[in-house]
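Novice: Just passing along the structure, written as structure tokens.
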Amino acid sequence: MKSKSHAMVAIRRSVLKETVFVLFVILFNTVSAQNFENKFGKCSQEELELTICAYDSTADAMVLYDEGETYFSIIAEKYQIIFDRRVKYKFFNKAGIDDAKFEIKFYNGNQGAERVSYIKCNTYNLENGKVVTTKLENKNIFDEKSGGKWLIKKFAMPAVREGSVVEVSYRITSPYLFSLPSWKFQAEIPVMYSRYKATVNPHFEYTFMKKGDLPLGDFKKYELSGIPTYINDVLKRDIAYEYVMNNVPAFRKESYITSYNDYINKLDVQISRILYNDGSSKVIMSSWPKLSEDLETDDNFGEYIKAFSKDDEAFGSMVGFPPSDSLELIKFIDQYIKKNYTYNGDDQYFASGSKKDVEKLKKGNSADLNLMAVGMLRAAGYNAFPALLSTRENGKVNSAYPFLDAFDYVIAIYEFKNELKVMDVTDPMLRFGDIPPKCLNDVCLLLKSKDVEWLNLKSNDISDSRFIKVLTPLPGVDSLLIDNTLTTTYFDAYNMRKDYKSDYEELASSLLGSDYSLYDSIKCQHLEDAEEDFVLTYSRKAPLEVIENMILIEPFEGEVMTENPLKQQVRTYPIDIGYRYSKSFSVDIIIPEGYKVASKPENLVVNNQDIRIVYTVSNNQSSKVNIMGLYQFKKDVYECTSYNDIKGYIDIIVNKFNEKLVLEAEEI
């Protein structure tokens, strides 16, 4: 009887657990399903009273729904792509409100700018139990230029406060049929419901590329009713593709990442074929070799290169090539373009004009200059080729899909002593043989007429920043005199040179502190010589931390990380630093008369395949203490499986390199 009673209790517990679980699922689906208003211009009491995201209690805001639809329309006897979007946000707290801004990015190419219209934005707030609506005024919508041929319309969402619900809708009309608008299912805040529908005209075929590791909630492909089209006497109708994702988690973006577009869940759509009424077709997506072959005859690519390479004798006499066929000749070409032409900051893979145009203006985009370098190298007798790449901000290239639009940059590649070497002539501050750090993004596509080759773009050099410091405490005036020599190499030197030339005040603030005075100074060596280390010497005074009879000194203050940029518990994408680098310090701390060392940091050594950390303290002289520190990242990219290890190493760096030396006044 007792066992039977226990069995009944167990059954009741089991039923109770199942009931609770079912109720939880029902409740969760009630909150996370599309119970809220999804008709534009409507907002429910339930939406306004929502205080938390059901599946992410830490979210400051969330997307209630995000719906996009793409279809074709004939305007002025030409096909146009229409993209309509409407999205609704919920803001839970002040941190979420800080991001209450909206941007609409649109393209301005050879066929003119895409047209953005019907921009609407409503903010809903609950006031005294009533829903109050605030509408965006057109005068508060602003236009800005973005990178390359992209423009932005932007605005601040009106009257947003804690608890607000905001909806936005707009339309983009585009003459560019080569790609349909991409769709992001994921954002930096949770997205409860995301739906994208693309209705494709039967004259066009597109490739849909889903990125990200989360599964679709639903997918449908179906034929629409309506007026048919006859292609080669075969009846065709519009085809709809519909993608849905539910309860999409926020993408937590943090440091050491290329482009977050590489890792979010999204959909890219590129044209693959055009079908004509007579049954003929034009293949757009064929193969990488075919793409290379097509570029070879393009006026702004292959023909542009030929213009600089076909008359080698005239060209050689014009620029005064050195007579020998050597590495010096290649360096001469590199320096000739860097000194005589100016990069306008526009990253492209097509030249902007003809050879005559660029020679007249003496400036151009990245393709104008780097394709010129390919032509000049050929004129000098070298095997030289263009290589397409995608910059870090633009994202990684999927080699399975031969689409030209995946790239946004081109460099020069040449053969020297049976090895392939890179060249980029856009910036005089680049070392010969280097490409800009923004281009260190896995691989490039080398184009050899009808052949192609993927080349690794990793740098084998380790960039160094070496600090030699002397710290002299001045107890009488409660200040610390700091004399510093900073020597940088490779990409660290490149970045420091650019900062010195383009934003001296920002650099001075980072090195000397925001309150630097006329006493503080920065002097440099080898500013214009990119082949040499870049050296900065500077002095400054800083407040001296004094507590009763003790002086506390941070030896590396201002030059090391003070907090760990890696914050997540789990990371699902690589830690991409860009290039391998190290920071080293040698600091002499002068002990003032009448003081002695009270406590000092312990020595530390960590050395493995991922990282090297060294920290040593030497107090062999009564007049000074020497502290040496070094940390070196041995890889440019660490897999996400190493995330907790790298996070732990950075914790060690932050904690150890911010420890203080304590000096104590001697008893008299």
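Novice: Does Phe467 count as touching a residue at least 12 places away in the same chain (Cβ under 8 Å) and either in a strand (DSSP E or B) or open to solvent by 20 Å² or more (accessible area, probe 1.4 Å) (or both)?
Specialist: Criteria met by Phe467.
Novice: Being open to solvent by less than 40 Å² (accessible area, probe 1.4 Å), under 23 Å from the mean Cα position of the chain (by Cα) and either among the charged types (D, E, K, R) or under 18 Å from Asp347 (Cα atoms) (or both) narrows it down to one of Leu430, Leu455, so name that one.
Specialist: None of the other options fit; the residue is Leu430.
Novice: All but one of (1) open to solvent by 40 Å² or more (accessible area, probe 1.4 Å); (2) assigned to a loop (DSSP other than H, G, I, E, B); (3) closer than 19 Å to Met245 by Cα; (4) not hydroxyl-bearing (Ser, Thr, Tyr) hold for Phe219, so report the exception by its number.
Specialist: Just one mismatch for Phe219, condition (2).
Novice: List every residue pair whose Cβ atoms lie under 8 Å apart, where the two residues are 6 or more positions apart in sequence or sit on different chains, the first residue falls within region 230-248 and is free of Cβ contacts under 8 Å to residues at least 60 places away in the same chain and in a strand (DSSP E or B), and the second residue, located anywhere, is among the polar types (S, T, N, Q) and open to solvent by 70 Å² or more (accessible area, probe 1.4 Å).
Specialist: Taking only residues 6 or more apart or on different chains, the pairs are Tyr230/Asn277; Ile231/Asn277.
Novice: Please tell me if Asn441 is touching a Leu at 6+ places or on another chain (Cβ under 7 Å), surrounded by 17 or more Cβ atoms within 10 Å (Cβ to Cβ) and part of a loop (DSSP other than H, G, I, E, B).
Specialist: yes
For every residue, the table says whether it meets (1) over 18 Å from Gly96 (Cβ atoms); (2) aromatic (Phe, Trp, Tyr).
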position: Tyr124; (1), (2): no, yes
position: Val131; (1), (2): yes, no
position: Lys135; (1), (2): yes, no
position: Ile141; (1), (2): yes, no
position: Lys145; (1), (2): yes, no
position: Ala156; (1), (2): no, no
position: Gly163; (1), (2): no, no
position: Val166; (1), (2): no, no
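Novice: Looking only at region 400-420, count how many residues are touching a residue at least 60 places away in the same chain (Cβ under 8 Å), more than 26 Å from Lys362 (Cβ to Cβ) and either hydrophobic (A, V, I, L, M, F, W, C) or not in a helix (DSSP H, G or I) (or both).
Specialist: Looking only at that region, the number is 5.
Novice: I've got another one for you. Might you check whether a residue that is basic (Lys, Arg) and within 27 Å of the chain's Cα centre (by Cα) occurs anywhere in region 68-81?
Specialist: No, region 68-81 contains no residue that is basic (Lys, Arg) and within 27 Å of the chain's Cα centre (by Cα).
Novice: Return a yes/no flag: does region 284-294 have any residue that is free of Cβ contacts under 8 Å to residues at least 24 places away in the same chain, more than 14 Å from Tyr349 (Cβ to Cβ) and not hydrophobic (A, V, I, L, M, F, W, C).
Specialist: no
Novice: For Asn658, state whether it is under 14 Å from Pro555 (Cβ atoms) and at pLDDT below 95.
Specialist: Answer is no for this residue.
Novice: Further question: Residues to consider are Lys438, Lys458, Lys421, Lys417; find the one that is touching a Ser or Thr at 6+ places or on another chain (Cβ under 7 Å) and of a type in the set (Lys, Arg).
Specialist: Sole residue among the options that is touching a Ser or Thr at 6+ places or on another chain (Cβ under 7 Å) and of a type in the set (Lys, Arg): Lys438.
Novice: So, one more: In region 612-634, is there at least one residue being part of a helix (DSSP H, G or I), aromatic (Phe, Trp, Tyr) and closer than 25 Å to Thr258 by Cα?
Specialist: no
Novice: Looking only at strands (runs of 3 or more DSSP E) that fall completely inside region 104-200, which ones have 1 or more residues that are surrounded by 21 or more Cβ atoms within 10 Å (Cβ to Cβ)?
Specialist: Per the criteria, 115-127, 165-174, 179-184, 191-200.
Novice: Quick one: which residue in Tyr638, Tyr595 is out of contact with any Lys or Arg (no Cβ under 6 Å at 6 or more places or on another chain), open to solvent by 20 Å² or more (accessible area, probe 1.4 Å) and of a type outside the set (A, V, I, L, M, F, W, C)?
Specialist: Of Tyr638, Tyr595, the one residue that is out of contact with any Lys or Arg (no Cβ under 6 Å at 6 or more places or on another chain), open to solvent by 20 Å² or more (accessible area, probe 1.4 Å) and of a type outside the set (A, V, I, L, M, F, W, C) is Tyr595.
Novice: Can you spot a residue in region 483-496 that is surrounded by fewer than 20 Cβ atoms within 10 Å (Cβ to Cβ), among the small types (Gly, Ala, Ser) and assigned to a helix (DSSP H, G or I)?
Specialist: no
Novice: For region 60-103, enumerate the residues that are open to solvent by less than 50 Å² (accessible area, probe 1.4 Å) and in contact with a helix residue (DSSP H, G or I) (Cβ under 6 Å, 6 or more places away or on another chain).
Specialist: Ala61, Phe91 - these are the residues of region 60-103 that are open to solvent by less than 50 Å² (accessible area, probe 1.4 Å) and in contact with a helix residue (DSSP H, G or I) (Cβ under 6 Å, 6 or more places away or on another chain).
Novice: Same structure, new question: I need a count of the residues in region 355-390 that are under 21 Å from Pro436 (Cβ atoms) and either surrounded by fewer than 21 Cβ atoms within 10 Å (Cβ to Cβ) or without any contact (Cβ under 8 Å) to a residue 12 or more places away in the chain (or both).
Specialist: 2
Novice: Cβ-Cβ under 7 Å, sequence separation 6+ or interchain: first residue in region 480-500 and in contact (Cβ under 8 Å) with a residue 12 or more places away in the chain and at negative phi, partner of a type in the set (Asp, Glu) and open to solvent by 10 Å² or more (accessible area, probe 1.4 Å). Which pairs?
Specialist: Matching pairs, first to second residue: Thr487/Asp533; Thr488/Asp464; Thr488/Asp533; Thr489/Asp464; Thr489/Asp533; Asp492/Asp464; Ala493/Asp533.
Novice: Step by step: first the residues of region 580-592, then only those that are of a type outside the set (S, T, N, Q) and open to solvent by 30 Å² or more (accessible area, probe 1.4 Å), then the one that is nearest to Val546 (Cα to Cα). Which residue is that?
Specialist: So the residue we want is Ile590.
Novice: For region 227-274, how many residues are closer than 30 Å to Tyr643 by Cα and among the small types (Gly, Ala, Ser)?
Specialist: Of the residues in region 227-274, 3 are closer than 30 Å to Tyr643 by Cα and among the small types (Gly, Ala, Ser).
Novice: Then there's this: Evaluate the following for Gly226: is it open to solvent by 30 Å² or more (accessible area, probe 1.4 Å) and more than 33 Å from the chain's Cα centre (by Cα)?
Specialist: The answer is yes for Gly226.
Novice: A further question follows. Scanning region 518-553 for residues that are touching a strand residue (DSSP E or B) at 6+ places or on another chain (Cβ under 8 Å) and assigned to a loop (DSSP other than H, G, I, E, B), which turns out surrounded by the most Cβ atoms within 10 Å (Cβ to Cβ)?
Specialist: Among those that are touching a strand residue (DSSP E or B) at 6+ places or on another chain (Cβ under 8 Å) and assigned to a loop (DSSP other than H, G, I, E, B), it is Leu544.
Novice: Could you please give the count of residues in region 592-603 that are touching a Leu at 6+ places or on another chain (Cβ under 8 Å), part of a loop (DSSP other than H, G, I, E, B) and either basic (Lys, Arg) or at pLDDT below 95 (or both)?
Specialist: 2
Novice: Which of the residues spanning region 328-365 are charged (D, E, K, R) and assigned to a helix (DSSP H, G or I)?
Specialist: Selection gives Glu328, Lys331, Asp334, Lys338, Lys339, Lys355, Lys356, Asp357, Glu359, Lys360.
Novice: Something else: Out of all the residues in region 143-170, which are among the aromatic types (Phe, Trp, Tyr), within 30 Å of Ser44 (Cα to Cα) and without any contact (Cβ under 8 Å) to a residue 60 or more places away in the chain?
Specialist: If the condition is that a residue be among the aromatic types (Phe, Trp, Tyr), within 30 Å of Ser44 (Cα to Cα) and without any contact (Cβ under 8 Å) to a residue 60 or more places away in the chain, then Phe155 is the only one that fits.
The values are calculated or read from the model by the stated rules, or taken from the named source; none is laboratory data. Values in this document were obtained by computation on a predicted structure and should not be read as measured data. Positions of Cβ are generated from backbone atoms using ideal geometry, with glycine treated the same way; all protein chains shown enter the neighbour counts. Keep in mind that these areas ignore ligands, DNA and RNA; they rest on the heavy atoms of the full protein, side chains included. Shrake-Rupley method; radii C 1.70, N 1.55, O 1.52, S 1.80 Å.
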